[in-house]
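Visitor: First the structure, then my questions, so here it is.
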Amino acid sequence: MKRMRNRLQKVIVLLIVSWLTLFVLLPNLMIFATSFLTRDDAHFVSMAFTLNNYTRLLDPLYADVLLHSLNMAFIATLCCLLLGYPFAWCLTKLPARLRPLMLFLLIVPFWTNSLIRIYGLKIFLSTRGWLNEFLLWLGVIDKPFRIMYTSEAVILGLIYILLPFMVLPLYSSLEKLDKSCLEAARDLGANKVKTFLRIILPLTMPGIVAGCLLVFIPAMGLFFVADLLGGAKNLLIGNVIKSQFLNIRDWPFGAATSIVMTLLMGLMLLAYWRAARMLNSKVELQ
């Protein structure tokens, strides 16, 4: 029986390693190798080695797109944090029997394709959409105002798609918060602001950093959000990669752009790991 269990474990491990090698490692190695090759109109890629694909990223055109993408991703992440933190805090204050229901309602939108949800948001934000009709009915505005095809519309779309990714890690951190620390702070005379800044915020920092990474990293690559809500003037770095592969057919440059984006994500994950390690060491010292 024990021998069969060991064999089964080896088979499962072998299947997982084979799957990751075939569908994760090899495609990434192919993209990495392609980023150093030359574009060929006949065969997409020529086997001539070059570094021009990476030096092209220093062009002001692509640098502006990258900075614009980082800016919109940062604003969307900040808005998700400002909305998600109070929401997660309110979830922890609900009775225990209601929390699973609220978490279920939070996860329900994942059951619908995000592209379909963005189309629904596009209808909602259009000039003759429900938002303008509602504001006109209230008398807040005299004529419909234009939201579509602006950077604000892209940011709203990113928040709409990625907000649950912020709420879930924040809720996990807040739920695990040691209530005795809050009681000790009250006994020592700390007000609510000091308690939040000195105790709650540092203890929930891993959840904040995790939520920010889960929002910021995908926000730069959701090209369909920028396509449907932002137009040609509000591109994300994901739009550049998509257009290079599907429209322009410059696979080496698209591969180089995706490699640089992957490295940026890796640096962010490294920063998260270092921050979590430093925070844990401080907690142990205390």
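The values are calculated or read from the model by the stated rules, or taken from the named source; none is laboratory data. Fair warning: this is a prediction, and the values are worked out from it, not measured in the lab. Neighbour counts run over all protein chains shown; Cβ positions are idealised from the backbone, glycine included. For accessibility, only protein heavy atoms count, side chains too; no ligands or nucleic acids. Shrake-Rupley method; radii C 1.70, N 1.55, O 1.52, S 1.80 Å.
Visitor: Please give the charge dipole size of segment 1-57, origin at the Cα centre, charges +1 on K and R Cβ atoms and -1 on D and E Cβ atoms. Round to the nearest 20 debye.
Guide: Here the size comes out at about 740 debye.
Visitor: Any idea what the relative contact order of segment 1-93 is, in percent, if you count C-alpha pairs under 8 Å spaced at least 6 apart?
Guide: Once normalised by length, the contact order is 12 percent.
Visitor: Using a simple charge model, +1 on the beta-carbon of Lys and Arg, -1 on the beta-carbon of Asp and Glu, nothing else, what dipole does the chain show about its Cα centre, in debye to the nearest 20?
Guide: So the magnitude is around 1160 debye.
Visitor: Further question: I need the chymotrypsin sites (Phe, Trp or Tyr not before Pro) found in segment 86-183, filtered to DSSP loop residues with at most 12 other beta carbons within 10 Å of theirs.
Guide: Loop-located and lightly packed - PHE145.
Visitor: Please list CYS212, CYS90 from largest to smallest accessible area, probe radius 1.4 Å, with all protein chains kept in place.
Guide: Highest to lowest solvent-accessible surface, that is CYS90, CYS212.
Visitor: Heavy-atom accessible area of VAL108 with all protein chains present, probe 1.4 Å, nearest 10 Å²?
Guide: Result for VAL108: roughly 50 Å² accessible.
Visitor: Compute the relative contact order of segment 1-157 as a whole-number percentage, counting only Cα pairs closer than 8 Å that sit 6 or more residues apart in sequence.
Guide: 13
Visitor: Among VAL260, LEU270, LEU236, flag the residue with its Cα farthest along the positive direction of the charge dipole of the chain, charges on Cβ as +1 for Lys/Arg and -1 for Asp/Glu.
Guide: Toward the positive end, the furthest listed residue is LEU270.
Visitor: Quick check: with the 1.4 Å probe, what order do LEU8, LEU214 take by accessible area, largest first?
Guide: From most accessible down to least: LEU8, LEU214.
Visitor: At 24 angstrom or more along the helix axis (alpha-carbon based) and mean Kyte-Doolittle of 1.0 or higher, what helices does the chain contain? Whole DSSP H runs only.
Guide: Correct list, ordered by number: 60-93, 151-175.
Visitor: Placing +1 on the Cβ of each Lys and Arg and -1 on the Cβ of each Asp and Glu in segment 168-232, which of LEU182, TYR171, LEU222 has its Cα farthest towards the positive end of the resulting dipole?
Guide: Of LEU182, TYR171, LEU222, it is LEU182.
Visitor: Could I ask something else about it? Using helices alone, I'd like the mean residue ellipticity at 222 nm for the chain: each DSSP H run of four-plus residues gives -39500 (n - 2.57), total over residue count, nearest 500.
Guide: -22000 deg cm²/dmol
Visitor: Classify the chain as rounded, prolate or oblate from the Cα gyration tensor: take a ≥ b ≥ c as the square roots of its eigenvalues, call it rounded if a/c is under 1.5, otherwise prolate when a/b beats b/c and oblate if not.
Guide: It comes out oblate by the Cα gyration axes.
Visitor: Have a look at VAL45, PHE32, LEU20 and report the one farthest towards the positive end of the charge dipole of segment 1-52, computed about the Cα centre with Cβ charges (Lys/Arg +1, Asp/Glu -1).
Guide: Positive-end residue among those listed: LEU20.
Visitor: A follow-up question, please. Taking 1 over the mean of 1/r across every pair of different Cα atoms in segment 43-112, what Kirkwood radius in Å do you get?
Guide: Across segment 43-112, the inverse of the average 1/r is 16.7 Å.
Visitor: Please work out the Kirkwood hydrodynamic radius for segment 1-154, using every pair of different C-alpha atoms, and report it in angstroms with one decimal place.
Guide: Hydrodynamic radius (Kirkwood, Cα pairs) of segment 1-154 is 22.2 Å.
Visitor: Please give the length that would be gained between LYS10 and SER180 if that part of the chain were fully extended, namely 0.36 nm times their separation in residues minus their C-alpha to C-alpha distance (nm, one decimal).
Guide: Full-extension gain reported as 56.7 nm.
Visitor: Quick check: at a probe of 1.4 Å, how many percent of the accessible area of the chain sits on carbon and sulfur atoms?
Guide: Ligands and nucleic acids excluded, carbon and sulfur give 70 percent.
Visitor: Please work out the average accessible area per residue across the chain, using the 1.4 Å probe convention, and give it in Å².
Guide: 64
Visitor: Now for a separate question. Let me check against my output: what whole-number percent is the relative contact order of the chain, with C-alpha pairs under 8 Å and at least 6 apart?
Guide: RCO, the chain: 27 percent.
Visitor: Right, here's the next one. Mind telling me which of ALA226, ALA184, ALA153 comes out most flexible in a GNM of the chain, alpha-carbon contacts under 10 Å?
Guide: So, out of ALA226, ALA184, ALA153, the one fluctuating most is ALA184.
Visitor: Give a quick list of trypsin sites (Lys or Arg not before Pro) in segment 159-195 that DSSP marks as loop, anything other than H, G, I, E or B, with at most 15 other Cβ atoms within 10 Å.
Guide: Sites meeting the loop and neighbour criteria: LYS176.
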